[in-house]
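Here's the structure, in structure tokens; my notes come after.
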Amino acid sequence: MESKIEIISVFWIGTFVMLFLAFGLLFLAVFYQKRIANVKQKEAELLLKTALESEKKERQRIAKDLHDSVQGDLGAVRNYFTLLSKQITQKETQDLLTAIKEAIAQTIENARLISYNLMPPLLESSGLIVALREYLENLTKSTDKKFSLQTDVQNLVIPKAINYELFRIIQEFTSNMLKYGSITECKLFLYETHDLIHLEIVDDGKPFDFKASFSQSKGAGLYNIQSRLTSIEAKLVQRNVMEGNHFVISIHKKHD
């Protein structure tokens, strides 16, 4: 009888030990997988930040080259044509020189706009609000749409890297509006709540679901928006509205 009890006890003890070891191995496997996933996520975030920082530096370099070299050279050529036109009296030749000079002037303006879009100088010198106001004013002048920024924020301090990414996000949003949204007006609202900064984007164009469009889209625009949001740890919320679209971007004030 005692032998039978001992056998049963050994059986149950062995069973519990085996179950304990099985659960232990399962726990270790789940823990290991979770740790690997976290490492991969951190590596992906680091690669994303590195790629965006490299893009920023390359934009700065190209913008500087366009401003310092290309625009300067074109300006010199335009001056040569001005001097040459003063020495030529034939009307046909004068008209040709005038047309060439106007084409050069237009090329200089195009180079200036490209340089500005690559790296707006006010973004570095004056901050996000001033740069956004100028950008939206230029959009209003160059299109038949109305763009505006409303804010009562004073002395807003955001790291330059965050300013840059937010500005690029707005550029992508407005570019998509003009290409696909059929908008007539877009309003931006910048404000603070506790430790957060909020940037709202409201337009009266064609409604679209950002998450659904992002998952289905093969274009670069929405991908760029999502990548930049991820790089600065910003949160994007799309509000339900009767007409148009309403997005809210939120980011912590203190950002490493």
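A few remarks follow.
- Karplus-based coupling profile of segment 137-145, in residue order and whole Hz: 5, 5, 4, 4, 5, 8, 10, 9, 9, with θ = phi - 60° in 6.51 cos²θ - 1.76 cosθ + 1.60 and x standing for Gly or Pro.
- For Lys253, residues with placed amide H under 5 Å, excluding near neighbours: Leu196, Ile197
- Each peptide in 133-139, 194-200 gets a packing score, the mean of other Cβ atoms within 10 Å over its residues, and the list from highest to lowest is 133-139, 194-200.
- Vicinal HN-Hα couplings computed from phi for segment 231-243 (Karplus, 6.51 cos²θ - 1.76 cosθ + 1.60; Hz; Gly/Pro x): 5, 9, 6, 9, 10, 10, 10, 9, 8, 7, 10, 6, 9
- Whole-Hz ³J(HN,Hα) from phi, Karplus 6.51 cos²θ - 1.76 cosθ + 1.60, for segment 161-176, glycine and proline x: 4, 6, 3, 4, 5, 4, 4, 5, 4, 4, 4, 5, 4, 5, 5, 5
- Environment charge at Ser126 (Cβ cut-off 12 Å; Lys +1, Arg +1, Asp -1, Glu -1): 0
- Extension gain, Ser148-Asp209: 0.36 nm per intervening residue step, less the Cα-Cα distance, totals 19.7 nm.
Values in this text are rule-based calculations from the coordinates and carry no lab data. Only a predicted model underlies this, so the values are computations on that prediction, with no experimental measurement involved. Note that we place each Cβ from the backbone using ideal geometry, even for glycine, and neighbour counts take in every protein chain shown.
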